[in-house]
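**Q** Encoded as structure tokens, here's the structure I'll be asking about.
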Amino acid sequence: MERTFIDSFRHYQTYHNWFLDFNPLSKLNLLFALGFATMVAASWEFGLPLCVLYCVLAFCSGKGKSFLKPFGVVVLIFGFFTLVIRQFSVEGSTVLFRLFGVLPVTQEALINGLDTASYLLGFSGAVILFFATTQMRDLMYSLEKKGMSHEVSYIVLASFQTITDLKKNTAQIMESQKARGIETEGSVIRRMKAFFPILGPLVLGAISSTEEKSIAMDARAFSVKCSHTFLRELRPVPLYEKLVVILVDVLFLAVVGVRLYQMFG
């Protein structure tokens, strides 16, 4: 078991999934090009199928649950409420049906709402899918390989890691406070009373963790002005991955060209 663990660092770090193994910078280019393309197109015929593609990619990479939970909230906020607001703000003459027998739902307002919601969901889905399928340490490693300072890389990575650590520590502190008889569930007032007993250990734990990290950084010669080595290495970018990114970039430029032609042609 120990030999297998050691040997795993002698090879390129992979996740055995074609989409998860995409280079973080390639994935960033791919998803953000698609996201900006939906904003440029501003058409539900382009944006809604792209949202379905995001869901397919999330499930193919095994991150369907972690993607759908935040994306579902975005769909509810941006999608549903945009459609409702557009029915009141956009005038239309073609009435499709009357909601609850009173509110007229017009074709013009519905299409306008779908167009607006599609590019909001298209860009938001790209951002959510990127962070759901990309580890920040891999992204920072790729940026360091491109010339980013290791100080900046560490600050960004530590910021994201701190959020994760605080969430885990909060859950642990709440469980320990429950064991001591402190009520942490129930009404809003009861939750507010339980907030202060949780806040103290959480702040002290964060301060202790910061001190431990600074000692570890000194022990590893973090501030030395020379090239740093890496325990993990990502695989080189294969040819097919480069071709996919180029095709998506060409698609983005084509969408921009068509949109400019529609506006000024």
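The values are calculated or read from the model by the stated rules, or taken from the named source; none is laboratory data. What you see is a predicted model, and the numbers here were worked out from it, not measured in a lab. Note that we place each Cβ from the backbone using ideal geometry, even for glycine, and neighbour counts take in every protein chain shown. For accessibility, only protein heavy atoms count, side chains too; no ligands or nucleic acids. Shrake-Rupley method; radii C 1.70, N 1.55, O 1.52, S 1.80 Å.
**Q** Which of [x] 6, 19, 24, 23, 18, 8, 2, 0; [y] 7, 32, 38, 19, 3, 0; [z] 7, 26, 29, 19, 10, 5, 3, 1, 0 is the computed P(r) over Cα pairs in 10 Å bins from 0, in percent for the structure on display?
**A** [x]
**Q** Step through the table entries Lys27/Lys145; Lys27/Lys168; Lys27/Lys242; Lys145/Lys213; Lys63/Lys146, compare each Cα-Cα distance with 19 Å, and write down the pairs that go over it.
**A** Lys27/Lys168; Lys145/Lys213; Lys63/Lys146, as the Cα separations exceed 19 Å there.
**Q** Just to verify a number: FRET efficiency for Thr162 and Tyr240, C-beta to C-beta distance, R0 = 25 Å, to 0.05?
**A** Calculated value: 0.10.
**Q** Which whole-number value in Å² is the accessible area per residue of the chain, probe 1.4 Å?
**A** Result: 65 Å² of accessible area for each residue.
**Q** Still on this structure, I have one more. Using +1 at the Cβ of each Lys and Arg and -1 at the Cβ of each Asp and Glu in the chain, identify which of Asn17, Thr164, Leu260 lies farthest towards the dipole's positive end.
**A** Farthest towards the positive pole: Thr164.
**Q** What percentage of the solvent-accessible surface of the stretch 209-265, computed with a 1.4 Å probe over protein heavy atoms, is contributed by carbon and sulfur atoms?
**A** Roughly 67 percent of what the probe reaches on the stretch 209-265 is carbon or sulfur.
**Q** Which one, Gly79, Leu114, Ala132, is farthest towards the positive end of the dipole of the chain when Lys and Arg carry +1 and Asp and Glu -1 on their Cβ?
**A** Ala132
**Q** Same structure again: Of the heavy-atom accessible surface of the stretch 6-105 (probe 1.4 angstrom), what whole percent is carbon and sulfur?
**A** Roughly 71 percent of what the probe reaches on the stretch 6-105 is carbon or sulfur.
**Q** On C-alpha positions alone, give me the angle between the axis of helix 64-74 and the longest principal axis of the chain, in degrees, nearest 10.
**A** 50 degrees
**Q** Quick one: putting +1 on the C-beta of Lys and Arg, -1 on the C-beta of Asp and Glu, what dipole do you get for the chain around its Cα centre, in Debye to the nearest 20?
**A** With Lys and Arg at +1 and Asp and Glu at -1, about 440 debye.
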